[in-house]
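The structure under discussion appears below in the form of structure tokens.
The values are calculated or read from the model by the stated rules, or taken from the named source; none is laboratory data. Because the structure is predicted, anything quoted here is derived from the model rather than measured. Positions of Cβ are generated from backbone atoms using ideal geometry, with glycine treated the same way; all protein chains shown enter the neighbour counts. For accessibility, only protein heavy atoms count, side chains too; no ligands or nucleic acids. Shrake-Rupley method; radii C 1.70, N 1.55, O 1.52, S 1.80 Å.
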Amino acid sequence: MQGPIQGNVVFKPEKFSIESAFSIGWAHTKRQFVPLLLVMAVSWVIPMAFAVVSFLFALLIPKDQAVIKLLYSFVAGILSLAVNAILELGMINVYLRVLDGDEAKISDLFSATKQMFTYVMGNFCFNFLLFWGYLCFIVPGVIVSIALQFYSYFIVDKEIGPIESIRASWIASRGARLNIFLMVVLFHVLRSFGTLMFFIGLIPVNMVISLATAEIYRQLLRNTEPNDFEGIEGLRFALPTQEEFEESHRLVKPLPYTQPPVQPPSASTQVQSPAEPSVQAPETASSSSSSSSDSNSDSSSSANSESANSDSPTTGQQPGEVQ
């Protein structure tokens, strides 16, 4: 018999699931393949068109104008960096919206434009740390690349600053970096198989990998305690409270049901139980005595009447009559 749920409170042991992330990425790829393909095509065409236009304008500059050429190359490089940053942020925004159930739209490519400067600064900090990490015998660089790769998702999703996004990515990946490393290795294997399929397989493979990465970010954020992000001001009101987190992650271990002990009857019950027949006894006794007295009176009255009848001829006999 299953009794009421009782027990201790425990929390989920893992911060994200690779299998769940891939299954969700594959399901959304099948559902949104054509819209995602159009958005990805636009994100590829715009940088190519910008590069072609920049090259054509560079040809119009006279060869003897070295200073102008240098200035033009600098400006073109800055503009190219801005365009790429806007499109990268836009693709992250598209993937997050698809995970939320929305349809992929080309307009979503430009909806995160206001975070462009923050992303450029965050990208600079990330590459700076990555450079010094690889300079220190490679292993620290691998750790940095694994732990900080979600900074751009925090910039788009939570709209926090570059330093705060680096810190948030480091905190969210804590306790799951080995699984993230295995995920990155698996991504490279899948891209290799997509390349062997005459580059046609790279399109759906990149869709699945991008959506799976966005889902892993969501799982890491969902399974990290809000108290761990303490000190990051931008996430103060963007996350649930610690109480809400514990309530949503509470797992109760049911204990075997035990039969409650039978309580002995109370003293009042013991006093009243024999009193019931004692109250009824006098009534029955009185009724029986009354009935017996009635029967005795009836019998005595009948006996008297019989004796009277038998005596009446003797007393009523006249002298001289023959009996």
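Details
- Kirkwood-Stokes translational diffusion coefficient of region 140-251, alpha-carbon pairs, 25 °C, 0.890 mPa s, µm²/s: 160
- Kirkwood radius for region 35-92, taken over all pairs of different Cα atoms as the inverse mean of 1/r, rounds to 12.7 Å.
- Based on the convex hull around the alpha carbon atoms, region 184-238 presents an average projected area of 4.8 nm².
- Ranked by the mean number of other Cβ atoms within 10 Å per residue, highest first, peptides 207-213, 130-136 order as 207-213, 130-136.
- Sorted peptide list for 18-25, 168-175, criterion being average Cβ within 10 angstrom, highest first: 168-175, 18-25
- For region 51-132, the fraction of C-alpha pairs more than 14 angstrom apart is 71%.
- Mean Cβ count within 10 Å, highest first, over the residues of peptides 220-226, 66-72: 220-226, 66-72
- Å³ per residue enclosed by the Cα convex hull of region 120-198: 118
- Of the three principal axes defined by the Cα atoms of region 141-182, the extents in descending order read 28, 17, 13 Å.
- The residues of region 76-125 expose, per residue, 48 Å² of accessible area to a 1.4 Å probe.
- Rule-of-thumb Rg ratio for region 1-154 [Cα; 2.2 N^0.38 Å; N residues]: 1.50
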